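As structure tokens, the structure follows; a few thoughts come after it.
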Amino acid sequence: MEARRKKLGKWVSRDRKAAGYRSQRAFATALGVHERSVAAVESGEEKVGETVLGLIEDMLYPRGSVEAFLATGDESALRRSEQESKTPAGQAEVERIVAMSRSELMDEADAYDKSLGEGAGDRWLDWAMDVRRRAKQIKPSGTRENAGRDAKSANSSN
């Protein structure tokens, strides 16, 4: 299992960078977790929680692939299909979340609670709502409106 976790860490590091997250900190912020959690995954540590692995999976891999890889060691579980590869995983996940109805968001949060434990759904829902808010701030051309003001207000609210 230790060798599989180390291999998973290498895949996560490579795929995080391919998805446009040059640093562990940027990826951790997008996931809504501490940078140390991303570092732990990438170094293959055993103590990484299922919630963190689930969030990383949602950003980079098909559903159930991380668990399948850790159980079997089959690297093909972590490979995305040719069609999925045309859209960066993070972008595809943002588009999926933005398109979800309120009831679909609640159903997904319930699924997280059932599969990862009580409270995981609330954390996922908080993250998903943040994704939706951030997506609304992005102009179609890819530039952010009021980016400086948003960063200041986000920092002052912490």
Exercise. Which percent of the accessible heavy-atom area of region 1-62 goes to carbon and sulfur, probe 1.4 angstrom?
Worked result: 50 percent
For this session: Rounded to the nearest 0.05, what FRET efficiency do residue 79 and residue 118 give with R0 = 30 Å and r taken as the Cβ-Cβ distance? Could you check?
Result: 0.40
Seminar exercise, completed: Relative contact order of region 96-135 (C-alpha contacts under 8 Å, at least 6 apart) in percent is 43 percent
For this session: Enumerate the residues in region 26-47 having an amide nitrogen under 13 Å from the point lying 7 Å beyond the Cα of residue 137 toward its Cβ.
Result: 30
For this session: Pop out the ³J(HN,Hα) list for region 123-134 in order, Karplus 6.51 cos²θ - 1.76 cosθ + 1.60 with θ = phi - 60°, rounded to Hz; leave Gly and Pro as x.
Result: 5, 5, 5, 4, 5, 4, 5, 5, 4, 5, 5, 5
Problem set entry | Length added when fully stretched, residue 46-residue 25, from 0.36 nm per residue minus Cα-Cα | 5.5 nm
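The values are calculated or read from the model by the stated rules, or taken from the named source; none is laboratory data. Small disclaimer: the values here were computed from a predicted structure and weren't measured. We place every Cβ from the backbone using ideal geometry, glycine too, and count neighbours over all the protein chains shown. Calculation scope for accessible area: heavy atoms of the full protein, side chains included, ligands and nucleic acids excluded. Shrake-Rupley method; radii C 1.70, N 1.55, O 1.52, S 1.80 Å.
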